[in-house]
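The block underneath contains the structure these notes are about, expressed in structure tokens.
The values are calculated or read from the model by the stated rules, or taken from the named source; none is laboratory data. These figures come from a predicted structure and were not determined experimentally. Glycine also receives a Cβ, built like all others from the backbone with ideal geometry; neighbour counts cover every protein chain displayed.
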Amino acid sequence: MLGMSVAALASLVAIVIVVGISMINEELNIGIVAIAFAIVVGSFFADLNAVQIMSSLPINLFMILVGVTFLFGIATTNGTLEKLTANAIRLAKGNTALIPLIIFMLITIITTIGPGNIATVALMAPVVMAIAARIGINAFLMTLLIVGAANGAAFSPIAPSGIISNSIVAKIAPQLDALGQSIGDLNTFGWKIHLNSEIAQIAANIGGFMVLGGWKWIVSQRNSSLNIDDIAPKPEPFNKNQIMTLVAVVILVLLVILPSMAVTKGLFSPSVLKLIGTGDSVNVGAIAFLLSSVLLILNAGDSKATVKSMPWPVIIMVCGMGILIDVMDKAGGLNALVNIIASVSNETTITGVLALVTGVISAYSSSSGVVMPMFLPMVPGLIQELGGGSAAAMISSINVGSHLVDTSPLSLFGAICIACADEKEDKGKLFRNLMIWGFSMAAVGAVICYIFFGLLSL
């Protein structure tokens, strides 16, 4: 088949089966199944032993995810993020029309600084959907706002999805360098991918919010006012532990951003840069572990409650898929899949093709846990096979395409928003609308990525 070796074919069959299972059974942690398939394929077809297969565990990615999610687990379990949310929403005061903007900015900021899209939607959806009912915005529009804001900011180098993307990019960076596609500083490159995601999500979900009734509602509310205490009661002041947590989060953000900027990098001595990274780029996981330890020593967080709050299923899923993809690469299956995709693409259209394929698969499977670990490692091979193309454009297309469909009620985000919608909402109609919108985003995402990242070369 297409000149593939038996090992390559076996690995391709394995990844198709694993992805298929993930699309059919969402309750199953596909990371465990992926490891099992990696052992079978590696042992019987790729001449790898169990030790070699297990050494494929993406340990750096694992440690970064654990460090960051633990730090923000502290911020969640000790009530810091809840009070931050309440205080931010109260900024609207009596101006009803400002509430959607404040909600969008709040979700964007919280997602960007570290908790990520999953934690932020879980935190914000109950509050925001209740607000939607009180101020007269229908649940469908509010879902677009919530998911668009969260997924737009999901690829911050500090957030879990951004960490997953950056870790895979770091692994393929030597191949990209050899192809003349140097990414430079990893964190700076990560912020570019983050910005591309924001642009695409705003064009799709926030654009949809405005066109389908959001702007009409905002105009109708220009002269309306409300008692903000009815929407977001004034919370108690931040206590000592919460203030320390806020300080830790600010330090995390600064230590990630400032060493990556040419104008501020000189402020950090080589020993400090070595402490928080490699000396060339910072490691957000290392910083998070240091800050978390300080908070625990100062009794600002409950370690047992924090560990329970962490997204272990996602971490296991990502790491398990990482092992299977590494075995697939060694078996030649990754290169075979690259050849198949390249055969129907060129340097410009590849962005739309990647967004379409990842969107279709992600509609039934995990965006960050399955689709990204499967497709991001293909980027160097696609560039080589096509004879050119932009690594940033392809990476952005994979990330955006796999996440634009998350408004579907089959996804975690769509399901959460439906569950949190007001009792007066017609949830059957909401389900149908989100289903139509979510699945249409596979095609819309392809068009957006083709225009923004293919034609316009953002």
Look at A442 and say whether it is of a type in the set (A, V, I, L, M), more than 30 Å from D185 (Cβ to Cβ), crowded, with 22+ Cβ neighbours inside 10 Å and out of contact with any Phe, Trp or Tyr (no Cβ under 6 Å at 6 or more places or on another chain). yes
May I ask you to list pairs of residues, at least six apart or on different chains, whose Cβ atoms are under 8 Å apart, with the first in the stretch 444-458 being in contact (Cβ under 8 Å) with a residue 40 or more places away in the chain and over 16 Å from A363 (Cβ atoms) and the second being of a type outside the set (S, T, N, Q) and assigned to a loop (DSSP other than H, G, I, E, B)? F452/L458
Given (1) within 25 Å of I89 (Cα to Cα); (2) modelled with pLDDT under 90; (3) crowded, with 18+ Cβ neighbours inside 10 Å, where does S156 come up short, assuming only one miss? (2)
Please specify each residue of the stretch 37-51 satisfying the condition of being in a helix (DSSP H, G or I) and either modelled with pLDDT of 95 or more or closer than 16 Å to A8 by Cα (or both). F37, A38, I39, V40, V41, G42, S43, F44
Is there any pair linking a residue in the stretch 13-32 that is closer than 17 Å to P313 by Cβ to one that is among the acidic types (D, E) and in a helix (DSSP H, G or I), with Cβ under 7 Å and at least six apart or on different chains, and which? none
Scan the stretch 94-102 and tell me whether some residue there is under 17 Å from the mean Cα position of the chain (by Cα) and at pLDDT 90 or above. no
Single residue of I218, I206, I164, I193 found to be part of a helix (DSSP H, G or I), over 22 Å from G445 (Cβ atoms), touching a residue at least 24 places away in the same chain (Cβ under 8 Å) and not aromatic (F, W, Y): I218
Read through the list (1) small (G, A, S); (2) farther than 30 Å from F289 by Cα; (3) part of a loop (DSSP other than H, G, I, E, B), then give the number of the only condition that A10 fails. (3)
Exactly one condition in (1) free of Cβ contacts under 8 Å to residues at least 24 places away in the same chain; (2) surrounded by fewer than 17 Cβ atoms within 10 Å (Cβ to Cβ) is false for R90; which is it? (1)
Assess whether P380 counts as being crowded, with 20+ Cβ neighbours inside 10 Å, closer than 23 Å to D185 by Cα and in contact with a Leu (Cβ under 8 Å, 6 or more places away or on another chain). yes
Please determine, by comparing only the residues of the stretch 384-421 that are of a type in the set (S, T, Y) and buried (at least 23 other Cβ atoms within 10 Å of the Cβ), which one is nearest to L354 (Cα to Cα). S397
Condition (residue is within 30 Å of M129 (Cβ to Cβ), more than 21 Å from the chain's Cα centre (by Cα) and not aliphatic (A, V, I, L, M)) applied to the stretch 17-29: is it met by at least one residue? yes
So is A200 farther than 18 Å from I103 by Cα and touching a residue at least 40 places away in the same chain (Cβ under 8 Å) or not? yes
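Only one of these is among the hydrophobic types (A, V, I, L, M, F, W, C) and closer than 16 Å to M374 by Cα: V18, V51. Name it.
V18
Is there a residue in the stretch 359-374 that is surrounded by fewer than 20 Cβ atoms within 10 Å (Cβ to Cβ) and in contact with a Leu (Cβ under 7 Å, 6 or more places away or on another chain)?
In the first step, residues of the stretch 359-374 are kept if they are surrounded by fewer than 20 Cβ atoms within 10 Å (Cβ to Cβ); the result is 364.
If we keep only those that are in contact with a Leu (Cβ under 7 Å, 6 or more places away or on another chain) too, we end up with 364.
Yes, the stretch 359-374 contains a residue that is surrounded by fewer than 20 Cβ atoms within 10 Å (Cβ to Cβ) and in contact with a Leu (Cβ under 7 Å, 6 or more places away or on another chain).
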